[in-house]
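Let me begin by presenting the structure, written as structure tokens, before commenting on it.
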Amino acid sequence: VQLQASGGGLVQPGGSLRLSCVASGSMFSINSMGWYRQAPGKQRELVAVITRRGITNYADSVKGRFTISRDNAKNTVYLQMNSLKPDDTAVYYCTAGPRVDVAPPYWGQGTQVTVSS
């Protein structure tokens, strides 16, 4: 499975961005797709995940501001990010895997999101 993410960039605090990730290859075993992020000097952390059936889970720090969605027909997962804060600045990675409760085996190349005035 290959993952190609896009949509990162520079945005002012309070602004919005939408990340997209297209998966290719054999998707037969893939149930969970999601996003992780890693800020400078910090550990990589889960942002949001979504199952094939649309069940979602979010990090507490993004609840109410970020929305994950998925188009199974297009093998695409999205992350709508609103009310962005400087603490959201990080490299965001698209992920895919068979289950939501284990670390995903497939990772995209990462896209930079910078929130700054």
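Counting Lys and Arg as +1 and Asp and Glu as -1 over every other residue whose Cβ lies under 14 Å from the Cβ of M81, the net charge comes to +3. If both residues of a DSSP beta bridge must be in the chain, then about 90% of such bridges are antiparallel. Here the label points at I55 and A73, each 7 Å from Cα along the C-beta direction, are separated by 2.5 nm in the simple model. Across segment 98-113, computed HN-Hα scalar couplings (Karplus, 6.51 cos²θ - 1.76 cosθ + 1.60, θ = phi - 60°) run x, 9, 8, 9, 10, 4, x, x, 10, 10, x, 7, x, 9, 7, 10 Hz from first to last residue, x flagging Gly and Pro.
Cross-link partners for K63 among the aspartates and glutamates, with Cα-Cα distance under 17 Å and sequence neighbours closer than 8 places in the same chain left out: E45, D87, D88.
Ordering T56, N75, G97 by Cα displacement along the dipole of segment 41-103 toward the positive end leaves N75 in first place; charges were set at the Cβ atoms of Lys, Arg (+1) and Asp, Glu (-1). The charge dipole of the chain, taken about its Cα centre with unit charges on the Cβ of Lys, Arg, Asp and Glu (plus for the first two, minus for the last two), comes to roughly 180 debye.
Once fully extended, how much extra length lies between R99 and Q12, figured as 0.36 nm per residue of separation less the alpha-carbon to alpha-carbon distance?
Working: separation 87, 0.36 × 87 = 31.32 nm, distance 3.46 nm.
Net length gain for the segment: 27.9 nm.
A Förster radius of 22 Å combined with the Cβ-Cβ distance from S117 to E45 puts the calculated FRET efficiency at roughly 0.40.
Residue separation of Q80 and V22 scaled by 0.36 nm, minus their Cα-Cα distance, works out to 19.4 nm of gained length. Calculated accessible area for segment 23-117 comes out at 53 Å² per residue, all protein chains present (probe 1.4 Å; ligands, DNA, RNA ignored).
The values are calculated or read from the model by the stated rules, or taken from the named source; none is laboratory data. Treat the numbers as computed from the prediction; the structure is a model and nothing was measured. Methodologically, a virtual Cβ is constructed for each residue, glycine included, from the backbone with ideal geometry; neighbour enumeration extends over all protein chains shown. Protein only, heavy atoms only, side chains kept; ligands, DNA and RNA dropped before computing areas. Shrake-Rupley method; radii C 1.70, N 1.55, O 1.52, S 1.80 Å.
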